[in-house]
Amino acid sequence: QVQLVESGGGLVQAGGSLRLSCAASGRTFGTYHMGWFRQTPGKEREFVARITWNGGSTYYSDSVKGRFTISRDNAKNTVYLQMDSLKPEDTAVYYCVADTSLVRITNTPYYWGQGTQVTVSS
């Protein structure tokens, strides 16, 4: 089992940057694929990015490709989402997710954090 706690959200102007962090509990962090989803009011949660257990492979949604970077530090049990060139449409609650399945991590991940708000002003 793994527990996830996000941090780093906040208010930023369009074109700015933020880095989200997700601290995971448990000694098996290194066995989980990790990812990020986001959600805006009235919309379904949207996949943003994922990284494999060893950091060897990353994958992004088309809406953030080239602007966001996911990374992880298994020694610190932490995954990051560096968000650059932010746009107002990136405004959402961002959730950290974990799963042992590379298929589920982009669709229906098992473990979710509580979310952190990101607001991008125009």
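Within the stretch 22-55, the set of residues being surrounded by 15 or more Cβ atoms within 10 Å (Cβ to Cβ) and part of a loop (DSSP other than H, G, I, E, B) comprises Gly26, Tyr32, Arg45, Thr52, Trp53, Gly55.
For the stretch 62-82, a residue qualifies if it is touching a Gly at 6+ places or on another chain (Cβ under 8 Å) and not aliphatic (A, V, I, L, M), and the qualifying residues are Ser71, Arg72, Asn74, Asn77. For the stretch 73-120, residues that are under 11 Å from Trp36 (Cα atoms) and small (Gly, Ala, Ser) total 3. Restricting attention to the stretch 60-103, the residues that are in contact (Cβ under 8 Å) with a residue 60 or more places away in the chain and in contact with a helix residue (DSSP H, G or I) (Cβ under 6 Å, 6 or more places away or on another chain) total 1.
Filtering the stretch 52-79 to residues that are within 22 Å of Thr40 (Cβ to Cβ) and not β-branched (Val, Ile, Thr) leaves Tyr59, Tyr60, Ser61, Asp62, Ser63, Lys65, Gly66, Arg67, Phe68.
Take Gly26 and decide whether it is touching a strand residue (DSSP E or B) at 6+ places or on another chain (Cβ under 9 Å), among the small types (Gly, Ala, Ser) and modelled with pLDDT under 95. No: the conditions fail for Gly26.
Would you please name the residue that is surrounded by the most Cβ atoms within 10 Å (Cβ to Cβ), looking only at residues in the stretch 62-113 that are in a helix (DSSP H, G or I) and among the acidic types (Asp, Glu)? Steps first, please.
At the first step, the residues of the stretch 62-113 found to be in a helix (DSSP H, G or I) are 88-90, 104-106.
Add one more test, that the residue is among the acidic types (Asp, Glu), and what stays is 89-90.
Working: Glu89: 11, Asp90: 22.
Restricting to residues being in a helix (DSSP H, G or I) and among the acidic types (Asp, Glu), the top hit is Asp90.
Looking across the stretch 49-88, the residues that are among the hydroxyl-bearing types (Ser, Thr, Tyr) and out of contact with any Phe, Trp or Tyr (no Cβ under 6 Å at 6 or more places or on another chain) come down to Thr52, Ser57, Thr58, Tyr59, Tyr60, Ser63, Thr69, Thr78, Tyr80, Ser85.
The values are calculated or read from the model by the stated rules, or taken from the named source; none is laboratory data. In this text, all values refer to a predicted model and were calculated from it rather than measured experimentally. We place every Cβ from the backbone using ideal geometry, glycine too, and count neighbours over all the protein chains shown.
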